[in-house]
1. Looking at residue 14 and the list (1) under 30 Å from residue 98 (Cβ atoms); (2) at pLDDT 95 or above, which single condition is not satisfied?
2. Take residue 59 and tell me if it is closer than 21 Å to residue 94 by Cβ, in contact (Cβ under 8 Å) with a residue 12 or more places away in the chain and surrounded by fewer than 16 Cβ atoms within 10 Å (Cβ to Cβ).
3. Identify the residue in segment 1-28 that is buried (at least 18 other Cβ atoms within 10 Å of the Cβ) and within 18 Å of residue 86 (Cα to Cα) and, among all such residues, is farthest from the chain's Cα centre (by Cα).
4. Considering only segment 72-89, how many residues are surrounded by 15 or more Cβ atoms within 10 Å (Cβ to Cβ) and over 16 Å from residue 10 (Cα atoms)?
5. Looking at the structure I just gave you, is residue 55 closer than 16 Å to residue 1 by Cβ and at pLDDT 95 or above?
6. Considering (1) surrounded by 14 or more Cβ atoms within 10 Å (Cβ to Cβ); (2) closer than 28 Å to residue 18 by Cα, say which one residue 64 fails and leave the rest.
């Protein structure tokens, strides 16, 4: 189950559970869409994977207890600003490859 982390790992922008700006990689590294598009160029600085929009967990139970109340979002912030020069070197070749084939 997704943790639904509360903020962008790079810029520390708030990303509440219903945010449409939250982007995650397959390891659930969480960044805002602005950082993903403009700084990270769709390359996760932690694993090299690509990003997708983070799904929004239902706020009300539609089936069983599958909702935000029963399974709340994480509250612990992970603010680890990235060294953008190092990331550019790391992602130089990766960003040319479709994330599905990395």
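1. So the condition that residue 14 fails would be (1).
2. no
3. Looking at the filtered set, the residue picked out is 10.
4. 2
5. For residue 55, the condition - closer than 16 Å to residue 1 by Cβ and at pLDDT 95 or above - is met.
6. (1)
The values are calculated or read from the model by the stated rules, or taken from the named source; none is laboratory data. Remember, it's a predicted structure, so these values are computed and weren't measured experimentally. Backbone-built Cβ (ideal geometry, glycine too); neighbour counts: all protein chains shown.
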